[in-house]
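Contents: one structure, followed by commentary.
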Amino acid sequence: MMSLDLPFIWACLIAIAVFMYVVMDGFDLGVGILFPAVHGREERDIMVNSIAPVWDGNETWLVLGGGGLLAVFPLAYATLLPAFYMPIILMLLALIFRGVAFEMRFRALTERGRLWWDRSFSWGSYAATLFQGICLGAYVQGVHVENRAYVGGWWDWLSPFSILTAAALVAGYGLLGACWLIWKTQGELQARFRKIALVLGIATLGFIGAVSVVMLFDAPFRERWLTFPAAAAAAIVPVLVLLLAWLFFNKVRGNGEVTPFLCALGLFALSYAGLGISLWPMIVPPRVTIWEAAAPPSTQAFLLVGAAVLIPIILTYTAYVYWLFRGKVHAGVSYH
């Protein structure tokens with residue numbers, strides 16, 4: 001009887017959890033990123049109310065991904081955390097700061113106080129996104145490991161490439177937020193977010209191209225993408241990106257409401273797939289594989305039973321909440 005490849009199964013589960021966090025918390029971070037583009041109190045209330053029923057639940061996937069990494073790939077966790085202590089701590093502080101501002105803006109006693117909570121919500125969204133992007137760039141460029149331990153410097157995470165990926169993520173999350181608001185709003189506000197989505201769509205595609213080109217200067221990535229026969233299979237990703245981009249711009253300029261958001265999710269999914277093609281099977285680039293970093297099989301099997309129960313519950317609850325609050329958000333309606 002063939003045994004299960006437990007590290008592969010867990011790598012897929014954690015990859016899915018991280019992707020779910022990126023796209024689901026990405027659009028509500030994107031709403032905060034777009035706050036400076038809107039100045040009226042009523043319009044900002046509509047923006048916040050569009051994410052109020054779901055934003056807490058979206059971050060569940062971050063906990064699942066981080067917890068799964070600790071339990072199932074302890075070597076990867078012990079190696080990556082020291083490499084990214086500073087950006088991870090700053091990201092978590094920004095998420096906390098943003099969460100407090102999210103709640104307090106509705107309880108401010110003065111307009112000036114409300115304005116500062118609005119600014120705090122936006123600043124927290126920008127900071128959390130920037131540090132997530134920096135972690136991504138630092139992860140892709142590789143971590144210095146010797147004798148199963150991190151041996152790099154304190155500032156290795158900060159580089160021109162990690163700054164590029166941080167800027168790319170700000171544009172991408174802003175795009176997700178704009179497309180979400182196209183779906184959830186109407187009238188003049190929706191028209192404004194259509195224009196913003198067009199600009200951010202161009203910026204996001206530009207960043208995808210820039211990050212991809214820079215990665216090709218690294219020999220292992222170049223071999224995956226430009227050497228036959230691997231290049232023939234990988235070529236489907238950029239082709240699908242171009243097709244999705246055409247559909248996205250067509251629907252944003254037209255009357256599409258849900259489709260632009262689905263296209264933006266698709267661009268993230270394809271970018272994520274491209275990242276997987278570039279890095280697989282490394283969990284700590286450039287040398288540690290998922291099998292080398294995995295916990296004992298008994299631990300993986302035990303945790304898999306729990307995941308088999310927990311993940312369907314999370315998915316069911318998430319789907320129910322999104323279905324329950326599926327309509328448009330109107331002025332004067334608050335979920336607080």
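The values are calculated or read from the model by the stated rules, or taken from the named source; none is laboratory data. Since the structure is predicted, the reported quantities are computational estimates derived from the model, not experimental observations. Cβ placement follows ideal geometry from the backbone for every residue including glycine, while neighbour counts extend to all protein chains displayed. For the accessible areas, the whole protein counts, side chains as well, though only heavy atoms, and no ligand, DNA or RNA atoms are used. Shrake-Rupley method; radii C 1.70, N 1.55, O 1.52, S 1.80 Å.
A few points about this structure:
- Condition met for PRO74 (within 18 Å of the chain's Cα centre (by Cα) and not hydrophobic (A, V, I, L, M, F, W, C)): no
- Among residues of segment 269-280 that are more than 12 Å from ALA235 (Cβ to Cβ), those with a beta-carbon under 8 Å from a residue that is among the charged types (D, E, K, R) and crowded, with 16+ Cβ neighbours inside 10 Å at least six positions away or on a different chain give the pairs SER278/ARG224.
- No other residue among ARG44, ARG98 is touching an Asp or Glu at 6+ places or on another chain (Cβ under 9 Å) and of a type in the set (D, E, K, R) apart from ARG44.
- Number of residues in segment 76-127 that are over 28 Å from TRP154 (Cβ atoms), of a type in the set (Phe, Trp, Tyr) and crowded, with 18+ Cβ neighbours inside 10 Å equals 3.
- Scope segment 161-196; condition over 17 Å from the mean Cα position of the chain (by Cα), aliphatic (A, V, I, L, M) and surrounded by fewer than 24 Cβ atoms within 10 Å (Cβ to Cβ); matching residues: LEU189, ALA191, ILE196
- Residue match in segment 181-203 (condition: over 20 Å from VAL48 (Cβ atoms), charged (D, E, K, R) and touching a Leu at 6+ places or on another chain (Cβ under 8 Å)): no
- Scanning segment 69-90 for residues that are closer than 20 Å to THR165 by Cβ and of a type in the set (A, V, I, L, M) returns LEU69, ALA76, LEU80, LEU81, ALA83, MET86, ILE88, ILE89, LEU90.
- Qualifying positions in segment 96-134 - more than 20 Å from LEU175 (Cβ to Cβ) and among the hydrophobic types (A, V, I, L, M, F, W, C): ILE96, PHE97, VAL100, ALA101, PHE102, MET104, PHE106, ALA108, LEU109, LEU115, TRP116, TRP117
- 3 or more residues in contact with a helix residue (DSSP H, G or I) (Cβ under 9 Å, 6 or more places away or on another chain) and farther than 30 Å from LEU304 by Cβ: qualifying helices (runs of 4 or more DSSP H) within segment 3-68: 6-33, 41-51
- Selection status of PRO285, over 21 Å from LEU64 (Cα atoms) and touching a residue at least 60 places away in the same chain (Cβ under 8 Å): yes
- Contact map, segment 242-253: first residue among the acidic types (Asp, Glu), second residue assigned to a helix (DSSP H, G or I), Cβ cut-off under 9 Å, separation 6 or more or different chains; the map is empty.
- The number of residues in segment 128-141 that are under 14 Å from the mean Cα position of the chain (by Cα) and open to solvent by less than 10 Å² (accessible area, probe 1.4 Å) comes to 4.
Matching residues to (1) part of a loop (DSSP other than H, G, I, E, B); (2) without any contact (Cβ under 8 Å) to a residue 40 or more places away in the chain; (3) of a type in the set (D, E, K, R):
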position	(1), (2), (3)
TRP116	no, yes, no
TRP123	no, yes, no
GLN132	no, no, no
VAL143	yes, no, no
LEU169	no, no, no
GLY201	no, no, no
